[in-house]
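Below: one structure, written as structure tokens.
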Amino acid sequence: MNREFNKNITQCIRFLDKYNLLFQAGCITSLSASSEFKRNARKSTSYKRLYDTGAKYQDFNFMLVDKSFFQFSRTKVTSKRTGEENFDLRFVYYPNPYKFVEYQENKIAVEHMYENNEITLEEYQQFLSEEFFTSDIPLIRYDLSKDQYCENYHPTAHFHIGFHAENRWPVKRELTPMAFMLKILMHYYIKWWKDLGDCGKDENLLTKIYTEELKKCLLLDNEYFSNLEEKRLYFS
């Protein structure tokens, strides 16, 4: 299964490269993030700081041309309840929080002003911490853990939307990295999706690729997605 998981990550990278969306490939297997990133993920109250750490230490499987990046992890765990071995999944999309081109251009200008003593260190640091920050697109995370399942409070599979960690939107499927990535591209890169995928007659090539990938994503059985959850709103 690990082999198939890693193969799917490589498929994502090849797809992005084919359609000119890939800026940089990183880890081509299940990602184990740096200790610095893990520390920030647990303790940081700033999304900018977490993003900057991931970019600095290259804690990603790949980065898009807009400098957003993705992480995919598959971890073997032993169930505390049954003693069986399962796999936890963690897929995350980290959108670039900066207006990147403007930020880079102005950063060079401000660095020049600081080096020439035209602004103070405090003014320079204020620019780096505040200027050109945007939060238009939220962080999106997909988690799957059978051992943590609780019918009322902790769905087996779920999305976290935004930096707030306690919101869990139930998902009834075990997603692949490719399916998660295509879901993100369809929603947050819609102009690219339409321009590249539309092929007339109300058909879209990328939508076909996406729906074919979803067929590989197995539905959770009743043991991990109850009849009660079926009565609620969820992602199918």
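Each reported figure results from applying straightforward, stated rules to the coordinates on display, with no laboratory input. All figures in this text were calculated on a predicted structure; none of them were measured in a lab. We place every Cβ from the backbone using ideal geometry, glycine too, and count neighbours over all the protein chains shown.
A few comments on the model shown:
- Each other residue within a Cβ distance under 12 Å of Glu84 adds +1 if Lys or Arg and -1 if Asp or Glu, for a net charge of +1.
- Average projection area in nm² (convex hull over Cα atoms of the chain, one quarter of hull surface): 15.3 nm²
- Test item: Cα-centred dipole of the chain, Lys/Arg +1 and Asp/Glu -1 on Cβ, debye: 920 debye
- Calculated [θ] (222 nm, deg cm²/dmol) that DSSP helices of n ≥ 4 give over the chain, each run adding -39,500 (n - 2.57): -12000 deg cm²/dmol
- Under 5 Å, built H, 5+ apart or other chain: amide partners of Gly26: Phe62, Met63
- Karplus-based coupling profile of region 60-65, in residue order and whole Hz: 8, 7, 6, 10, 7, 5, with θ = phi - 60° in 6.51 cos²θ - 1.76 cosθ + 1.60 and x standing for Gly or Pro.
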